[in-house]
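What follows is a short report on a single structure.
Nothing in this text is a laboratory measurement; each read-out follows from the coordinates by a stated rule. A quick note: this is a predicted structure, and the numbers were derived from the prediction, not measured. As a convention, Cβ positions derive from the backbone with ideal geometry for all residues, glycine included, and neighbour counts pool all protein chains shown.
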Amino acid sequence: MNLGLGLYHHALTRENFQFARQAGATHIVAHLVDYFKGRASGSNEDQPMDSERGWGFAGDANALWSFEDLLALRKAVEAEGLKLEGIENFDPAHWHDVLLDGPKRKEQIEGLKTMVRRMGRAGIPIMGYNFSITGVCGRTHRRYARGNALAAGMEGPFDAPMPNGMVWNMIYDPHAPAGTVPGITSEDLWSRFGAFLDELVPVAEEAGVKLALHPDDPPMPAMRGQPRLVYQPGLYQRALDQKPSPSNALEFCIGSIAEMTDGDVYEAVEQYSRQNKLAYVHFRNVTGKVPRYRETFIDDGDVDMLRVLRILKRNQFQGVLIPDHTPQMSCAAPWHAGMAFALGYMRAALQLIDRE
Ligand SMILES: [Mn+2]
């Protein structure tokens, strides 16, 4: 098993690659979507947080990720002694009508195929994504964690309808007419997802890229009047069975799975790691379950993280673990301190597990 760090778009710098290496990481997972565009300065250090208007504006619909930029990113990561394990999240600008089944669907599916092919050519093996209409929304951000550290949580359902022009908690069309996006059924959503896999998986196979599905965060059956896809551990199996392929894999989020109301996090780790379906792991801890939970420091939640690692080891998981989110620590560099704490814990845990 390998230790990695996920870096948001604005944090893809040489200094942060060195920071990751210094904390013992060997791999980077990069976000190319800028979740913080158009937001107040000073808000851009931590994970993006929510309001009814979402995180902000999606990227440029006409600018697909280029082969040159992808290759340059991999080279920059490698120059600091690390490997680029994957890209996390498609830009809503590039696939809003895939999620919404809108008029640009066909064109946008072709764009996604093009970017997956370019990733393969650039030697980037994993594309993490979250097939979700409303995205990561409805969370609160308060001093929930140990020592009054700022962390994300949830304090009940979030049902405010989603405005037109928004998908995946970002605005892709600021000029959309007033009104809200009509709700669809769960079967509609599964059918859109199935059609996405039918088109993308063969391309990913040929490109040598694994598509890695993140579960819903938060894992509620519906939010903002829209259904969600993987909000219980067993729904991951449905997603895999929809299109069996080495390229149909999971961005396995321990925190989100622990927040689910059914099942058991250790059984889920066992079930999916035994099938060798974990492309990479979000190694995050939490207390409580939806609709009331709080993100915690890695050593301080409901999940026994060492028990998770032992299951992964037994099932010969060889991929990368990244901290996902952490509470922010009180100091001049709250995000970095939180990540360094999580990485230190993970490094020690992996050394311990290795010696058992
Ligand atoms: Mn996650």
Report task. Return, ordered by residue number, the residues of segment 287-306 whose backbone nitrogen is under 17 Å from a label point located 7 Å along Cα→Cβ of C331. Result -> 297-299
Query raised in the report: If each of D188 and D299 carries a label point 7 Å out from its Cα toward its Cβ, how far apart are those two points in nm?
Result: 4.8
Query - Approximate spin-label separation Q318-R142, in nm, with each point projected 7 Å along Cα-to-Cβ - result: 4.6
Query - Full-extension gain in nm, Q237 to D354, via 0.36 nm per residue minus C-alpha separation - result: 39.2 nm
**Report entry** Proximal aspartates and glutamates to K37, defined as alpha-carbon separation beneath 19 angstrom and excluding residues fewer than eight positions away on the same chain
**Finding:** E45, D46, D50, E52, D60, E88, D91, D173
**Report entry** Sequence-distant residues sharing a close amide H with V181 (under 5 Å, placed H)
**Finding:** M162, N164
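Given Cα positions, please report Rg to Rh for segment 44-103, the hydrodynamic radius being the Kirkwood one. Numbers along the way, then the final one.
Working: Rg = 15.0 Å, Rh = 14.3 Å.
Rg divided by Rh gives 1.05.
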Query raised in the report: Size of the dipole of segment 2-335 about the Cα centre, Lys and Arg at +1 and Asp and Glu at -1 on the beta carbon, nothing else charged, in debye to 20?
Result: 500
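Over segment 197-259, what is the relative contact order in whole percent, taking alpha-carbon pairs under 8 Å and six or more residues apart? Walk me through the numbers before you get to the answer.
Values: 78 pairs, mean separation 28.5, N = 63.
Contact order relative to length: 45 percent.
What relative contact order, as a whole-number percentage, does the chain give when Cα pairs under 8 Å and 6 or more residues apart are counted?
Working: 761 pairs, mean separation 63.4, N = 356.
Dividing the mean separation by the residue count of the chain yields 18 percent.
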Report task. Take the alpha-carbon centre of segment 281-311, take the same for segment 163-184, and report the distance between them in whole Å. Result -> 33
Report task. Enter the Cα centre distance for the pair segment 1-37 and segment 74-105, rounded to the nearest angstrom. Result -> 14
Query raised in the report: How big is the antiparallel share of DSSP beta bridges in the chain, given as a percent to the nearest 5?
Result: 40
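Starting with the fewest neighbours, write out H214, H96, H10 ranked by other beta-carbon atoms found within 10 Å of each beta-carbon. Could the numbers behind the result be given before it?
Numbers: H214 22, H96 25, H10 14.
Going from least to most buried by this count: H10, H214, H96.
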Query raised in the report: Hey, what do the phi angles of segment 269-274 turn into as Karplus ³J(HN,Hα) couplings, whole Hz, using 6.51/-1.76/1.60 and θ = phi - 60°, x for Gly and Pro?
Result: 4, 4, 4, 8, 6, 4
Query - Backbone HN-Hα couplings from phi across segment 221-228 [Karplus 6.51/-1.76/1.60, Hz, Gly and Pro as x] - result: x, 8, 9, 6, x, 10, x, 10
Query raised in the report: So what are the ³J(HN,Hα) numbers for segment 107-114, from phi and the Karplus equation (6.51, -1.76, 1.60; θ = phi - 60°), rounded to whole Hz, Gly and Pro as x?
Result: 4, 6, 4, 4, x, 4, 4, 4
Requested in this report: Could you list the residues of segment 217-243 with an amide nitrogen less than 14 Å from a label point located 7 Å from the Cα of T261 in the Cα-to-C-beta direction?
Outcome: 219-223, 228, 231-233
